[in-house]
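Scroll down for the structure; my scribbles are underneath it.
The values are calculated or read from the model by the stated rules, or taken from the named source; none is laboratory data. Fair warning: this is a prediction, and the values are worked out from it, not measured in the lab. Accessible surface areas use protein heavy atoms only, side chains included; no ligands, DNA or RNA. Shrake-Rupley method; radii C 1.70, N 1.55, O 1.52, S 1.80 Å.
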Amino acid sequence: QVQLVESGGGLVQAGGSLRLSCAASGSPLSINAMGWYRQAPGKQRELVAAITSGGSRNYGDSVLGRFTISRDNAKNTVYLQLNTLKPEDTAVYYCHAVYRSYHYWGQGTQFTVSS
């Protein structure tokens with residue numbers, strides 16, 4: 001069983017920056033893939049960014065070049081640096097992890113980008 005605890009979020013002005021973090025606990029070994037998804041009101045959940053334990057990264061098209069994902073494998077923690085924020089980035093951001101083929105989700109953290 002893996003528990004994901006997110007931190008960060010709040011209210012940010014357009015053009016600003018924010019950093020989200022997600023710490024995974026409960027697993028004795030390194031988690032394979034960790035990442036972030038987001039869901040805006042009335043929209044489907046979409047991939048923001050993901051990173052494997054080996055450091056391979058994948059980004060959603062809408063955040064490419066603005067967001068950066070990183071992780072600390074020793075701490076099973078993943079970070080998301082969000083720059084040049086836009087109002088359309090407003091959403092609930094969910095941490096996601098894959099461990100032994102099981103998918104785990106955090107409770108989500110909300111942030112709003114004001115124009």
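Given a 1.4 Å probe, how much area per residue of the chain is accessible, in Å²? Before the final figure, lay out the partial values.
Details: 6110 Å² over 115 residues.
Per residue, the chain has an accessible area of 53 Å².
What residues have an amide H closer than 5 Å to that of Arg71, excluding those fewer than 5 places away on the same chain, when H is modeled at 1.01 Å from N in the peptide plane?
Residues meeting the criterion, in which the H sits 1.01 Å from N, are Tyr79.
Looking only at Ser101, Ser21, Ser30, which one moves most when the chain is put into a Gaussian network model with springs between Cα atoms under 10 Å?
Among Ser101, Ser21, Ser30, the largest mean-square fluctuation in the Gaussian network model of the chain belongs to Ser101.
Calculate one ³J(HN,Hα) per residue across segment 51-66 by plugging θ = phi - 60° into the Karplus curve 6.51 cos²θ - 1.76 cosθ + 1.60, and present them in order as whole Hz with x for glycine and proline.
Going residue by residue, I get 8, 8, 5, x, x, 6, 10, 9, 10, x, 4, 6, 10, 4, x, 10 Hz, with x marking Gly and Pro.
So which residue, out of Gln81, Gln44, Gln13, gets the largest mean-square fluctuation from a GNM of the chain using Cα contacts under 10 Å as springs?
Gln44
Segment 5-21 to segment 55-84: how many Å between their Cα centroids?
Taking the Cα centre of segment 55-84 as reference, the centre of segment 5-21 is 13 Å away.
List the residues, sorted by chain then number, that are 5 or more residues from Thr90 or on another chain and whose placed amide H is less than 5 Å from its amide H.
When sequence neighbours closer than 5 places are left aside, the close amide H contacts are Val113.
Which cross-chain or sequence-distant (5 or more) residues have an amide H under 5 Å from the amide H of Ala49, H modelled 1.01 Å from N in plane?
For Ala49, whose amide H was placed from the backbone, the distant partners under 5 Å are Trp36, Gly60.
Expressed as a whole percentage, what fraction of the accessible surface of the chain belongs to carbon and sulfur atoms when a 1.4 Å probe is rolled over the protein heavy atoms?
47
Please check: in the Gaussian network model of the chain (C-alpha springs, under 10 Å), which one of Val78, Val92, Val48 has the largest mean-square fluctuation.
Per the Cα network of the chain with a 10 Å cutoff, Val92 tops the list.
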